[in-house]
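S.K.: Okay, handing you the structure first.
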Amino acid sequence: MNELPSLAPDEVVRTISADGHVSVRVLSATAMAREAAARHGTAPAASVALARALMGGVLLGTEGQDGERVQLQIKGDGPLGTILVTAESDGSVRGYVAHPEADVDLVGDNLGLARAIGFGALSVERNHPRWKQPYSGIVPIVAGEIAEDLARYLLESEQKPSAVGLSVWLSGGGEIEAAGGYLVQSLPGASDEVLRGFEERVAVVHPAELLRGGADARTLLEALLGEAPGGELEQRPARFHCPCNRERVRRAAALLGREELRAMSEAGEDVEVRCAFCAETYRLNPDAVRTLIPDA
């Protein structure tokens, strides 16, 4: 396996056009995509799907309020099964694909994920500690390429006309060489002329190709803005991050109940717990399990 080159750091860069009519958010996410693929041992098609879903989560998550969490679920009837991603407003994200070993031939510039994902539903849930209840929306999977379906969700469920790009470049060996994306949204008052300019640019800007050639997030932003002047920049790092730890695993195991915990302890074998989101494995020995039994 050839060592992949280091590219631009993972980050989100956002601005609003100087006229206040278009919001542009770009993401460089190569390290994040590579880490997810390595953790889950994904086949090429699963690598692309998971990377796109993670990037979509980050773009939606960093659009929200500080402290907001976004969960994105792609539940199709294709061989990949369900893809689940949770993203925070600070740019951190985690996620998994139900069948990481599943693979299909990837063809064309967009790699043709539709057959791998199949038909089903895309659901998005936004939540915040201060909200009484989460906001959720669901749309049918029509394109199966994730970006187009996310744009459909934003329009139909949140009434936000958007262009979404989620781009992954694979090496000849099926490894992720580059990954990046964008979210361009028209705001009230945008003229047809301004929107046409952005439509022309999003049609030719391919984030992963630019990143693979040495670009960074700011370069992607400039390519999408073209000659349209941008306003103040907002930048924040992006990363694959899972908050699981041994104490969380202990608390989760404690919910199994007295009898099941006692049986596990008396079996005299280590209990292995694997986090679905990041594939980290934790082991609890019989003594550790015994301490979780109520009134033991």
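S.K.: For region 185-210, give me each residue that is touching a helix residue (DSSP H, G or I) at 6+ places or on another chain (Cβ under 8 Å) and more than 26 Å from Glu35 (Cα to Cα).
M.R.: Correct list: Gln185, Ser186, Phe198, Arg201, Val202.
S.K.: Every residue in region 8-34 that is surrounded by fewer than 20 Cβ atoms within 10 Å (Cβ to Cβ), outside any strand (DSSP E or B) and in contact with a Lys or Arg (Cβ under 9 Å, 6 or more places away or on another chain), please.
M.R.: Once the filter is applied, which keeps residues that are surrounded by fewer than 20 Cβ atoms within 10 Å (Cβ to Cβ), outside any strand (DSSP E or B) and in contact with a Lys or Arg (Cβ under 9 Å, 6 or more places away or on another chain), region 8-34 yields only Ala31.
S.K.: Something else: Please enumerate the residues belonging to region 263-285 that are part of a helix (DSSP H, G or I) and surrounded by 15 or more Cβ atoms within 10 Å (Cβ to Cβ).
M.R.: Listed by number, the residues that qualify are Met264, Ser265.
S.K.: Across region 226-236, which residue is nearest to Ala36 (Cα to Cα) among those that are out of contact with any helix residue (DSSP H, G or I) (no Cβ under 8 Å at 6 or more places or on another chain) and surrounded by 13 or more Cβ atoms within 10 Å (Cβ to Cβ)?
M.R.: Arg236
S.K.: Here's a follow-up. Based on what the data block shows, is Val104 in contact (Cβ under 8 Å) with a residue 40 or more places away in the chain and either under 25 Å from Arg274 (Cβ atoms) or of a type in the set (Gly, Ala, Ser) (or both)?
M.R.: no
S.K.: Determine which member of the set Gly64, Gly78 is part of a loop (DSSP other than H, G, I, E, B) and within 15 Å of the chain's Cα centre (by Cα).
M.R.: Testing whether each residue is part of a loop (DSSP other than H, G, I, E, B) and within 15 Å of the chain's Cα centre (by Cα) leaves just Gly64.
S.K.: Can you go through Gly165, Gly172 and tell me which one is of a type outside the set (Ser, Thr, Tyr), in the same structural domain as Arg236 (by TED's automatic domain parsing) and touching a helix residue (DSSP H, G or I) at 6+ places or on another chain (Cβ under 9 Å)?
M.R.: Gly165
S.K.: If you don't mind, another one. Looking only at region 66-88, which residues are out of contact with any Leu (no Cβ under 6 Å at 6 or more places or on another chain), buried (at least 20 other Cβ atoms within 10 Å of the Cβ) and over 17 Å from Ala49 (Cβ atoms)?
M.R.: Listed by number, the residues that qualify are Glu68, Glu88.
S.K.: Let me ask something else. Please verify whether Gly181 is under 19 Å from the mean Cα position of the chain (by Cα), at pLDDT below 95 and buried (at least 19 other Cβ atoms within 10 Å of the Cβ), treating the condition exactly as stated.
M.R.: No, not satisfied.
The values are calculated or read from the model by the stated rules, or taken from the named source; none is laboratory data. From a predicted model like this one, the values you see are computed outputs, not experimental measurements. Cβ coordinates were reconstructed from backbone atoms using ideal geometry, including for glycine residues, and neighbour counts include every protein chain displayed.
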